[in-house]
Amino acid sequence: MEVVTPLTALVTLMMSMLSGSLGAMLGIGGGVFLVPFLILVVGLPFHQAAAVSLAAVIASSTAVSAATAGRQLINIRLGMVLEVATAAGGLAGGLTALMLTPHTLQIIFAVVALLVAAAVVRGPETPPLPHDADTGLLGGRFTDVRTGHTVTYAVRRLHVGLIASFLAGNLSTLLGIGGGVVKVPVLVTWCGIPMRVAAATSAFMIGVTATSGAVIYYGHGQMIPALAASAVLGTQLGSAIGLRAAARARARGLRMLLAGVLVVVAGLMVLRAVR
Amino acid sequence: MIRDLEHRLGRLLTFGTRVTTGLLALGLAMTFAFPASPPTHALLTVGLLVLLVTPVARVVVSVLGFVRARDWWFALYTGAVLALLLISFVAAFG
């Protein structure tokens, strides 16, 4: 699979556009869709699929954050605190791989994804804060582009966010994903973070998470340059589309889309586990 | 201070995205026109390296922003993220 045909490049570009636009709307890189696509449709071995997928995750993170920076949506402080846990999770990924077979890991992931999807549908437990409320060191305020209202939030249960970030880092190495699909639902459901802030903050961090894995794969010659280029370009196009759609969508609509994505991801994991 | 940092990061990431897009689009077109030619290889390699280095630059700019604001705890957290990133570069290319 070293020779990339124009058809393979085109199909990869179009699939990346799709995963990139979903990723931009929800703050996930889209790796959860790209990895199974590259394995099942393009026929890549896992490591090469993960390498291309991680390149696309970085492209998504950079393009989305370039567009959202300056709109008070990216919580850099929260992102950096969570990223420390994610990086630690990444380092511990090797240990997890020793304890669990990929098969077991995928089944556990599927079950957890379904449970989290149910929690996302039920909605966040935190009522909105009054405008003059104390946001704490990690909270903040932003103006919702769709409604024009100022939303004030504070971070609750930081430990839950840290645990989710650790797991996200752990899975990133093992599954070739950025981990946003783990972080965003947890931040929204249990940590009091508004959907748009969770998406923008996750988008900001997944590029950093994915870079550790991507350089390792690159250094080991697993990155197919032309295919990675197709995935990156498709993701950049998709990000522009997804960002426009997200600005028009209701926060609740985005949450429902996220729940739908989790159910599909659970299905894909089961498919990979039984295959 | 965090607003300034956000704007600086925005400019950096826009620049990174444009350079990556330009190099990779040209490189991909060249792949089909002149497969396995040295310029094709160079465009794709440099494009991918810019892609990989942009997140590192983002963390470096964040560390400097927190240091400038004398926000030591966040400079420490961000510095730890940077250190772990650099370890993976050393592991990959060292």
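Every number here is computed from the coordinates shown, using simple stated rules; none is lab data. Since the model is a prediction, treat every value here as computed from it, not as a measurement. Note that each Cβ is placed from the backbone with ideal geometry, even for glycine, and that neighbours are counted across all protein chains shown.
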| said: What whole-number distance in Å separates the alpha-carbon centres of the range A:203-259 and the range B:29-76? | reply: 15 Å
| remark: Connecting every pair of Cα atoms under 10 Å apart in chain A and solving the GNM, the largest mean-square fluctuation among A:LEU175, A:LEU34, A:LEU129 falls on A:LEU129
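Taking the range B:2-93, how much of its Cα-Cα pair set, in percent, is spaced more than 16 angstrom apart?
Details: 2599 of 4186 pairs.
Result for the distance tail: 62 percent.
Given a cut-off of under 8 Å on Cα pairs at least six residues apart, what relative contact order in percent is computed for chain A? Provide the component values of the computation, followed by the final result.
On the way: 496 pairs, mean separation 107.8, N = 275.
The value is 39 percent.
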| Over all Cα pairs of the range A:96-158, how is the pair count split among 10 Å bins, expressed in % and running from 0 up to the last occupied bin? | 17, 28, 25, 19, 10
| Loop-resident sites, chain B, for trypsin sites (Lys or Arg not before Pro), counting at most 10 other Cβ within 10 Å (DSSP) | B:ARG70
| Who wins for biggest fluctuation among A:LEU82, A:LEU187, A:LEU91 in a Gaussian network model of chain A, springs between alpha carbons below 10 Å? | A:LEU91
| message | Can you compute the charge dipole magnitude of the range B:2-93 about its Cα centre, using +1 on each Lys and Arg Cβ and -1 on each Asp and Glu Cβ, nothing else charged? Give it in debye, rounded to the nearest 20. | response | 200 debye
| request: Could you tell me which helices of chain B pass both thresholds, a Cα extent of 24 Å or more along their own axis and a mean Kyte-Doolittle hydropathy of at least 1.0, with helices taken as whole DSSP H runs? | output: B:38-68, B:72-93
| task | Per DSSP H run of n ≥ 4, the term is -39500 (n - 2.57); total these for chain A, divide by its residue number, and report the mean residue ellipticity at 222 nm rounded to 500 deg cm²/dmol. | result | -24000 deg cm²/dmol
| Counting partner chain Cβ atoms within 10 Å of every residue's Cβ in B:4-10, what's the average? | 5
| task | Count, for each residue of B:55-61, the Cβ atoms from other chains sitting within 10 Å of its Cβ, then give me the mean as a whole number. | result | 5
| request: Would you kindly work out the equivalent ellipsoid of the protein assembly as shown from its C-alpha gyration tensor and give its semi-axes, the square roots of five times the eigenvalues, largest first in whole Å? | output: 30, 23, 20
| task | Kindly rank A:46-57, A:65-76 from highest to lowest mean number of other beta carbons found within 10 Å of each residue. | result | A:46-57, A:65-76
| field | Cβ-based charge dipole, the protein assembly as shown, positive-most Cα from A:LEU100, A:HIS220, A:PRO127 | value | A:PRO127
| Mind checking which of B:ALA80, B:ALA25, B:ALA36 has the largest fluctuation in a GNM of chain B, springs on alpha carbons under 10 Å? | B:ALA36
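Compute the FRET efficiency between B:PHE34 and A:VAL274 as 1/(1 + (r/R0)^6), taking r as their Cβ-Cβ distance and R0 = 51 Å, and round to the nearest 0.05. Numbers along the way, then the final one.
Working: r = 43 Å, r/R0 = 0.85.
Plugging the Cβ-Cβ distance into 1/(1 + (r/R0)^6) gives 0.70.
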